[in-house]
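Okay, structure first, notes after.
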Amino acid sequence: MAIKEVNGRTALYLYGFAVGGLGWGERVEPAPISDAWTDRLGSYEITNAKPGFVTFLSDVQLRVEDGFLMLHVKRTDTGEQFAFPVGPLSDKEAVIIGFGQRNRGETISVVEVDGEELLFYSGYLMKKTRDR
């Protein structure tokens, strides 16, 4: 295992898995969180689930932990819980930050449907059900 500077980013590399090492993770710092994103903290439910199809995410929450905006989700098929650090790009768009594992770089968008603000992530529309 080694820590390297790569293109101005601090990365953790594991050796022995591939020639030159395998990039496994990145050190990330908290991004500033605007009032718009702070107002969105809370629990969410999927609103665009299709009858007869499995909804893969449940127990979706947007939180602040140790200065990071975090997206928490639970996979319904495996029960696994994931927490992703989120970096707001604007008041209407954010990305999962870091590299080395899947889901990094995915976008979380804010959309309006029938006059209501929803989050859009990984193909799912999510309605806020409870504040922080």
Starting from the Cα gyration tensor of the stretch 30-77, multiply each eigenvalue by 5, take the square root, and state the resulting semi-axes largest first in whole Å.
26, 12, 7
I need the phi-derived Karplus couplings for the stretch 61-72: 6.51 cos²θ - 1.76 cosθ + 1.60, θ = phi - 60°, integer Hz, Gly and Pro marked x.
9, 10, 9, 10, 9, 6, x, 9, 6, 10, 9, 9
Within a 10 angstrom radius of the beta carbon, how do Val113, Val28 rank from fewest other beta carbons to most?
Val113, Val28
Counting only residues 5 or more places away or on other chains, whose amide H sits under 5 Å from the amide H of Ala31 once H atoms are built in the peptide plane?
Leu69
Obtain the nm distance between the two label points defined at Arg132 and Val113 by a simple spin-label model: each point lies 7 Å from its Cα along the Cα-to-C-beta direction.
2.7 nm
About its Cα centre, how strong a charge dipole does the stretch 31-131 have in debye, to the nearest 20, once Lys and Arg get +1 and Asp and Glu get -1 at the Cβ?
360 debye
For the stretch 120-131, Karplus-derived ³J(HN,Hα) couplings (6.51, -1.76, 1.60; θ = phi - 60°; whole Hz; x for glycine and proline) come out as 10, 8, 6, x, 9, 8, 10, 9, 5, 10, 7, 6
Globularity ratio of the stretch 31-131, using Cα Rg and 2.2 N^0.38 Å
1.03
Which Cα, out of Met70, Met126, Phe84, lies furthest along the positive dipole direction of the stretch 31-131 (beta carbon charges, K/R +1, D/E -1)?
Phe84
Derived scalar couplings ³J(HN,Hα) [the stretch 75-85; Karplus, 6.51 cos²θ - 1.76 cosθ + 1.60; whole Hz; x for Gly, Pro]
7, 6, 6, 10, x, 5, 10, 10, 10, 10, x
Most exposed to least, judged by fewest other Cβ atoms within 10 Å, Lys92, Lys50, Lys128 sort to Lys50, Lys92, Lys128
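Taken together, the values in this text are just the output of simple stated rules run on the coordinates, not laboratory data. As the structure is a prediction and not an experimental result, all values here were calculated from the model. Cβ: placed from backbone, ideal geometry, glycine included. Neighbour counts: every protein chain shown.
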